[in-house]
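See structure below.
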Amino acid sequence: MSLALLVLVPFLGSVLAMFMPSYARNREALLAGLVALGCAVHLGMQFPQLAGGNVLREEYLWLPTLGVNLVFRLDGFAWLFGMLVTGIGTLVVLYARYYLSASDPVPRFFSFFLAFMGSMMGVVLSGNLVQMVLFWELTSLFSFLLIGYWHHRKDARRGARMALTVTGAGGLCLFAGVLLLGRIAGSYELDAVLAAGAQIKAHALYPAALVLVLLGAFSKSAQFPFHFWLPRAMAAPTPISAYLHSATMVKLGVFLLARLWPALAGTEQWFWLVGGAGAITLLLGAYVAMFQNDLKGLLAYSTISHLGLITLLLGMNSPMAAVAAVFHIMNHATFKASLFMAAGIIDHESGTRDIRKLSGLARLMPITGLLAIIASASMAGVPLLNGFLSKEMFFAETVFLQSTPWVDRALPVLATVAGLFSVAYSARFVFDVFFGPSCVGVVPKPPHEPPHWMRVPVELLVLACLVVGVAPEWSVGPLLAAAAAPVVGGALPEYSLAVWHGFNLPLAMSFVALVGGAALYLVQRRQREAGRLRRTPVLHRFDGQRIFENLLARASEAGRRSRRLLATHRMQTQLLLLVCVALAGAGASLWFTPVTQGERSPLPFSPMFAMTWLIGCICAIGAAWQAKFHRLASLMLSAGAGLTCCLTFIWFSAPDLALTQLVVEAVTTVLILLGLRWLPMRSKFVKQSARERILPWGRRGRDLAIAIASGCGMAALAWLVMTRDSLGSISPFFLDRALTEGGGTNVVNVMLVDFRGFDTFGEITVLGIVALTVYALLRRFRPAPESMALPPQQLAQSDDGSSDVFNPRLAKDTAVGYLMVPAVLVRLLLPLAVLVAVYFFLRGHNAPGGGFVAGLVMSVALLLQYIVSGTEWVEEHLRIYPRRWIAVGLLLALATGAGAMVLHYPFMTTHTAHVTLPVLGELHIPSALFFDTGVFALVLGSTMLILTSLAHQSVRSHRWSEEQEQRLAEARAALSGNAEDH
């Protein structure tokens, strides 16, 4: 399995899980477990190659000219995180199988879960910073879906939105910082950025890049002042909390800090920003955790505190502190994931997470209680457990840190106080929940042990805490060395993982923290029993959620005010503002950068061309003149102006543009006709306002002046461009290489599907999104009843010769009346139109045509069927499924581009196969043919989806009218029946 498959396989598993039935919980869990376990096993097999400091690397060319390629890079540090993502993910899948109820939508859970796993693996294995940011934002998106999994709950929806807003905004800041780093280093490749550490730190843009990167890291890892979103995310199911908020997502921020440590660390700015945020978060999270009454709330704030500890270690500018940070990342993932799962078991088996209601569970759930006690002791830093070892390393670094005198004295005190708080909230988790009187009768359900396999993940994680705490050098020594070496630049400092280092100051700090934490817990417990400790002292006034929601409210109010100031419901006013802004922008640019006429002499005057444009201008003026009261005439005149543009393209030797413009004119004419169908009628006797009576030509004169200014401005710009011989155009590049490198003589088509295929793929993607958006919006659109009346000639005739507004039997049979002959003709025309579309498609690489034009021609052929025969008849005899065409087109275009990457070429690279057939001879089949096929399918699907969505309003409205009449008749019958009874 390649490194790319480690990212791709979870996404494929996500798609498979999505289509599984809701009752297949065992199969869903088996699929997700096999995906996670398979990736973990494959990663584990790579460790021997990484133990010596080697780096595995795979590169797939994407946009090499922009320095953006798909690079997958695996070193020791990435291996550690990959094992956390896949290993703990495997355990969470097993745990979730028993945690989720039968009523939960299990396919959605495992689909989102595997997609999140793939996003995490993408971040961990990314060797390109831009690629890393892409997967970074995907983790925010899928975590939003996972946190809001129980979307029927208000707290889940609010927590998910808050997490997405904070982490998504941080991701945008990170993207800006990455762009600055790439500019400074001259490359977005991770290896190049890490090697350019001295250059980056000496650059003038270093402070800006550092702040932007830190905003992304702090928001993701819930560091102060962005810590408030993590406790609100506890509305997610406990398996999600155990996975996202202990081992994976929240550690992405510290992963980024450690990943970029060789390039960004070592400066005063790094020390104060990273170390300061870490110190505040460490102390704040630990302090607030002591006052939480919800088990998951306590674990959430303790997670914030431990993430602050890791951030503080990374901010010390010390290689030894960085090693301690990597070690604590490993340890924290094990004991915190096990604690979250234990809290979920308690909630699952007792029906509550309220610490004030829970007590005496050690007798009711002895095995779960023992596991939770050991994990809590590891979190508190009790000796012979893994949490003690990394906390000892942390204490040692605070003691031997060399900074300003007050920092040297304050930091050990801060670390000890934070350790003291950690012991206090760990003791509360243990003694208030598992000891004391039995809670049977107080909690909703009688507590009992969970199913054995639900407890197995907790047992394995707690076993890891014990093994690492007792024999650290034997169990994790090589793993820590391989993982920490890339963080510190390859040169590991001397350190020891021995359990006993003798009597020293760090040991004394641990002893003070243990004793002081126990005393603090006892004091708090007495105050709680006396009712004098009800909320967090002092800090309850500084609620991050309240500040966040206040900022959102202020931003929303500012948006509403600006909309009231600038927006309007009148289309004319909106267009006026747009045109005026465009005029102002163009005028300002020409004012600051004057442009003079070129020296190229104009072509000889052509009376025929001038006459053509004179006709076009007359049509345009007539269309504007008739637009208010004679819409159909205005539409026909505007089509005449469009035809003038087609002739102009032909005149300037651009047949591709002319052909495309001609077909687009046909499609847009039908589109506007369908839109006009639902507009209210305009009367010539509209009551004029007082202002219009005084100045009847004032508004029209203003619009005329703006229109003339805009037209003259565009004409002047066109004149200035065409009078220049050379503007550094890229046209010669395509003209010289279209045949030799693209294999086609039609330069326009070769440019679209070969040289600029990536741009074309983006454009068709946008077209598909627009079509789906229009479809979704029109599903809620209901025309006004007065617009539903049909003209007399379109009324279907009943058997007795009378007219009926809508006769489904006749509509499904065939077109009737004066449309019968055209209906027969357009059916005969359909095969011919398909042949023309195929002709344009096949000749597009060497002559005017291509997938876009062919798709529009095919759309026009199908639209004629709808126009003449009616929606009911066409859909009864011909199923089009435009949404499927859109999906097939996108997938085909994407698969064509990805096929080049499989052969280690850049994305969308063209290849030509030469095939010799018995009758046809030698055929040249370029890969662009399949890409153009995708363009054809998507254009056809998008066009038909938009137009048929408009056409369906007639059917829906008639059906609605029939349903209303039927309901009214039933109501009248019921009323008459009641009257007779009385």
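Scanning segment 473-500 for residues that are touching a residue at least 12 places away in the same chain (Cβ under 8 Å) and acidic (Asp, Glu) turns up just one, GLU473. Could you list all residues from segment 625-639 that are surrounded by fewer than 16 Cβ atoms within 10 Å (Cβ to Cβ) and assigned to a helix (DSSP H, G or I)? Answer for segment 625-639, where residues must be surrounded by fewer than 16 Cβ atoms within 10 Å (Cβ to Cβ) and assigned to a helix (DSSP H, G or I): TRP625, LEU632, ALA633, MET636.
Among the numbered conditions (1) β-branched (Val, Ile, Thr); (2) within 18 Å of ALA242 (Cα to Cα); (3) not in a helix (DSSP H, G or I), the only one that VAL382 does not meet is (2). Kindly establish whether ASN69 is among the polar types (S, T, N, Q) and either within 30 Å of PHE755 (Cα to Cα) or assigned by TED's automatic domain parsing to the domain that holds ALA900 (or both). So ASN69 passes the test. Considering segment 257-296 alone, what residues qualify as being in contact with a Gly (Cβ under 7 Å, 6 or more places away or on another chain) and closer than 21 Å to CYS173 by Cα? Residues satisfying the conditions are PRO262, ALA263, TRP270, PHE271, VAL274, GLY275, GLY278, THR281.
Yes/no per residue for (1) of a type outside the set (D, E, K, R); (2) crowded, with 16+ Cβ neighbours inside 10 Å; (3) over 19 Å from PHE907 (Cα atoms):
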site	(1), (2), (3)
LEU16	yes, yes, yes
SER22	yes, no, yes
ALA29	yes, yes, yes
ALA40	yes, yes, yes
LEU56	yes, yes, yes
PRO64	yes, no, no
VAL68	yes, yes, no
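With the structure loaded, tell me whether GLY743 is modelled with pLDDT under 80, within 24 Å of ALA893 (Cβ to Cβ) and either in the same structural domain as ALA658 (by TED's automatic domain parsing) or touching a helix residue (DSSP H, G or I) at 6+ places or on another chain (Cβ under 8 Å) (or both) or whether it fails that test. Against the criterion (modelled with pLDDT under 80, within 24 Å of ALA893 (Cβ to Cβ) and either in the same structural domain as ALA658 (by TED's automatic domain parsing) or touching a helix residue (DSSP H, G or I) at 6+ places or on another chain (Cβ under 8 Å) (or both)), GLY743 qualifies. Considering only residues that are assigned to a helix (DSSP H, G or I) and either without any contact (Cβ under 8 Å) to a residue 12 or more places away in the chain or surrounded by fewer than 24 Cβ atoms within 10 Å (Cβ to Cβ) (or both), which ones fall in segment 116-130? Of everything in segment 116-130, just one residue is assigned to a helix (DSSP H, G or I) and either without any contact (Cβ under 8 Å) to a residue 12 or more places away in the chain or surrounded by fewer than 24 Cβ atoms within 10 Å (Cβ to Cβ) (or both), namely VAL130. What's the total number of residues in segment 182-191 that are surrounded by fewer than 18 Cβ atoms within 10 Å (Cβ to Cβ) and either part of a helix (DSSP H, G or I) or aliphatic (A, V, I, L, M) (or both)? Within segment 182-191, residues that are surrounded by fewer than 18 Cβ atoms within 10 Å (Cβ to Cβ) and either part of a helix (DSSP H, G or I) or aliphatic (A, V, I, L, M) (or both) number 2. For the criterion of being surrounded by fewer than 24 Cβ atoms within 10 Å (Cβ to Cβ), under 30 Å from PRO319 (Cβ atoms) and in the same structural domain as GLU494 (by TED's automatic domain parsing), MET379 fails.
Any residue in segment 304-325 that is of a type outside the set (A, V, I, L, M, F, W, C), within 23 Å of LEU91 (Cα to Cα) and assigned to a helix (DSSP H, G or I)? Scanning segment 304-325 turns up at least one residue that is of a type outside the set (A, V, I, L, M, F, W, C), within 23 Å of LEU91 (Cα to Cα) and assigned to a helix (DSSP H, G or I). Working only within segment 315-349, note down all residues that are surrounded by fewer than 24 Cβ atoms within 10 Å (Cβ to Cβ) and either without any contact (Cβ under 8 Å) to a residue 60 or more places away in the chain or hydroxyl-bearing (Ser, Thr, Tyr) (or both). ASN317, SER318 - these are the residues of segment 315-349 that are surrounded by fewer than 24 Cβ atoms within 10 Å (Cβ to Cβ) and either without any contact (Cβ under 8 Å) to a residue 60 or more places away in the chain or hydroxyl-bearing (Ser, Thr, Tyr) (or both).
The values are calculated or read from the model by the stated rules, or taken from the named source; none is laboratory data. Note that the structure is predicted; figures quoted are calculated from it, not measured. For neighbour counting, all protein chains shown are included, and Cβ atoms are generated from backbone atoms with ideal geometry for every residue, glycine included.
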